[in-house]
Every structure is written in C-alpha cells, then in structure tokens.
Amino acid sequence: MGYTHKFEHTEVTQEVWDAIVSDCQTLMSNLPSHSLSSGAYHKQEPLQIGDGSGNGGLPILDRDAIWLNGVGEMAHETFLLERQDSDRLTWCKTERKPYDLMVQACLIVYYTHSPDTIELRSDGTKKDWAAAYDFVTEVLGSKLEIPPHKCFGPAIDEVGLTHQDFTRATQEFTKKVDKYLGLLVQCEESHKAQAHSSNSGAVKADYENLIRRLKEKPPQLMELLSLLDQTKDMFTNDTEEETANDDSDVPS
C-alpha cells in the first residue's frame, strides 16, 4: 500500500478547531528548508508545501479544513483534515516525501488539542515520528506527545511482543515461505524429469495445481515479506538506539 498515515476522527468544536489551525499556521510559517521525517528518504529535496492538488497552490488552513500536499514530484496523496467527522480521505499515503513532516505535525497538534476524538494508525515507528515531534516542540515551545499509533494489524506493544519475539516470528514465517517455494521447485523438477513417463499427466496436474495455489496471492505475499523485512530493520535500529541512549526524551 505504501507508507501511510490513517486518522479517523469525530467532529470537534469550532473553538478547538481554531486552536488546531492556529498552531498549524504557526508551524507553516516556520518550516525547515528540508525534512528529516520518516527516515529522511528525501532529505536532499526542498520542503515545499502546496495545496491538496500537489500543483503548487497555497495550502488551505481555514475554519473547516486543512488541505495540503507536497509540490510537483515531491507531492503524493492529498492530506485532508476536517473539523467535521472524517467521512472521506481519512488516510494519507506520503511515501515518506518531505511534506510528510507537516502531515505528522498537523496530526500531533490535533492529538494535543483533542486526543479523545482521533484514532491514528501509521506505518511509521517512534523513530519515524521523532523529527516531526522535535519540530512541533521547538516551534510551539511546549513538550507534546507523539500520538499513540498502530501498525496495520495488531500493534507490537498491544500483544506484548519483544523485539526478539518479533524477529523470531519473522524468521519462522520466512522459513515456512521458503519451504513452500521449495516444494514448488521440487514439483517443477519432478515434472521435467518425468515429462515422458506414464505418470506425466498426474505430475503435470500436481505441478499446475501448486502453481495455481502460489499465484492466488502473490502480491499480498510479496508485500508482506517486504513489510516484515522493513519493520524488522526498524525495530532493530530502534533497539540499538535505545541501548546506546536510554535517556532519550522522545516519548514512546
């Protein structure tokens, strides 16, 4: 699906919304020249915020909504955060592009003003949100919390898994996939070896059946394997960082 933030929320009062917009406008007036959020994948690109179309118009922050995007090639999906209930566009796939910093910052501000009206889910880890947290804290001059967020599916902390547990589970899953793919290779070799035998029809049927089963969900399988690898690396990096500096003031 790509690197995404999802934010379901209910309506807030005009007074609360005006406070949210005011803080976000202050952040817009103090943007850094480049973004280090979500892994700093595009740190060489200038941080430019435009309207939701991504064509470079002025972003909208008014009494009803916040509507913004990156600009040109550094634009991706529209970020739309409304005062009313989130009945449309409740997610934003930023692909870690520079405007991701402002998307995260707006969500941090919203959560600070109205934590009970928003449920945030993000592909990002604590480390991915740290740059936005530091930016908001520095500009607004107060310590804020990174909103609690969940990976798609059960969150690691919700099911009580340690980093070691997660790594072990990932390795076991990979072994099972490798075994399944190994069976496919064996079946293919058997098919070639017995192509001219009396059982070639049965072997071919087995082979084609296995091929069919494998092809039923290849995109999901490949996406899951990729996600597991990425997430494992993120958690490994986080563990090393926490070991080196247990006094980090970034909230978990």
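The values are calculated or read from the model by the stated rules, or taken from the named source; none is laboratory data. Predicted model, so just to flag it, every value in this text is computed and none were measured. Cβ sites come from the backbone with ideal geometry, for glycine too, and all protein chains shown count toward neighbours.
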If Ile20 passes every condition in (1) under 14 Å from Ala132 (Cα atoms); (2) crowded, with 19+ Cβ neighbours inside 10 Å but one, which one does it miss? (1)
Go through region 57-98 and tell me which strands (runs of 3 or more DSSP E), entirely inside it, have 3 or more residues that are modelled with pLDDT of 90 or more and surrounded by 18 or more Cβ atoms within 10 Å (Cβ to Cβ). 65-68, 79-82
From the option list Ser33, Ser37, single residue qualifying as in contact with a Leu (Cβ under 9 Å, 6 or more places away or on another chain), without any contact (Cβ under 8 Å) to a residue 24 or more places away in the chain and within 21 Å of Phe135 (Cα to Cα) is Ser33
